[in-house]
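First up is the structure itself, then whatever we jot down about it.
Nothing in this text is a laboratory measurement; each read-out follows from the coordinates by a stated rule. Because the structure is predicted, anything quoted here is derived from the model rather than measured. We place every Cβ from the backbone using ideal geometry, glycine too, and count neighbours over all the protein chains shown.
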Amino acid sequence: MFGASLLIIVMNTLDPNQKKIQLIQDLLESAEKSVQHAKNLLEELTNASSSGASTFDSNVKIIEGVFKGDHLLGDDSERYEVAANYASKSKIIEGSRLRGTIMPDGRIKYTITEKAQYELKLGRVVTNDQHETLIQIDDYQAKVLWESITFFRLEEGDEAYIRVPKGQKAEFAVIDSSLTEEEGNW
């Protein structure tokens with residue numbers, strides 16, 4: 001405490017250039033300490049990794065795979081659920097690659113690692129004989145997450161711009177925007 005007060009008194013007695021020089025020296029000293037601290041942390045992590053020790057919680061599992069429209073098909077051939085509201089809001093295209101972190105409590109946090117290329121098309125909301133809500137695209141129908149339908153307040157017959165994997169028929173379509181929304185008819 002006394003040292004900081006003394007430094008302030010000394011700084012106040014210096015001319016402006018000396019104050020700037022002192023400030024620069026203090027900043028450089030602080031930066032050097034930060035760099036050294038970062039190097040030490042990196043060395044600790046590198047040594048831990050090379051010795052086989054994990055730097056992650058052992059109860060956390062990392063998975064990767066391909067998004068199938070309503071779930072992730074892991075590279076381990078397992079099926080992992082993807083929250084429909086997350087998939088809808090993130091507008092994840094079928095065929096995109098995801099990485100999931102399975103938390104100790106079972107929740108999975110997803111990150112999109114590679115977005116699938118897509119085409120933007122005009123689609124119409126339809127209902128099939130099994131009472132499923134689908135999107136009519138050109139000459140075929142694709143599934144759509146119900147959360148997208150409700151988010152955009154779409155009803156049978158409404159049109160929306162949708163995203164589908166480029167160059168292929170989609171099993172699942174992603175609603176990009178509603179024509180009703182764009183026309184301001186809400």
I need two numbers for the stretch 118-183: Rg to one decimal and Dmax as a whole number, Cα atoms only, in Å.
10.7, 31
Per-peptide average of other Cβ atoms within 10 Å, ordering 170-179, 126-135 highest first:
170-179, 126-135
Taking the highest mean first, how do the peptides 81-93, 100-112 order by number of other beta carbon atoms within 10 angstrom per residue?
81-93, 100-112
Starting from the Cα of Lys68, draw a straight line to each of the lysines and keep only those under 27 Å, dropping any in the same chain fewer than 8 residues away.
Lys89, Lys91, Lys109, Lys115, Lys121, Lys143, Lys166, Lys169
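Can you tell me the relative contact order of the stretch 61-114? Whole percent, Cα pairs under 8 Å, sequence separation 6 or more.
Working: 93 pairs, mean separation 19.4, N = 54.
Over the stretch 61-114, the number comes to 36 percent.
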With x for Gly and Pro, the residue-by-residue ³J(HN,Hα) of the stretch 60-66, computed from phi through the Karplus equation 6.51 cos²θ - 1.76 cosθ + 1.60 at θ = phi - 60° and given in whole Hz, is 9, 10, 9, 10, 9, x, 10
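Work out the P(r) tail for the stretch 68-186: percent of alpha carbon pairs separated by more than 16 Å, whole number.
Working: 4220 of 7021 pairs.
Result for the distance tail: 60 percent.
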What ³J(HN,Hα) values, in whole Hz, does the Karplus curve 6.51 cos²θ - 1.76 cosθ + 1.60 give for the stretch 163-169 when θ = phi - 60°, with x put for Gly and Pro?
10, 10, x, 5, x, 8, 6
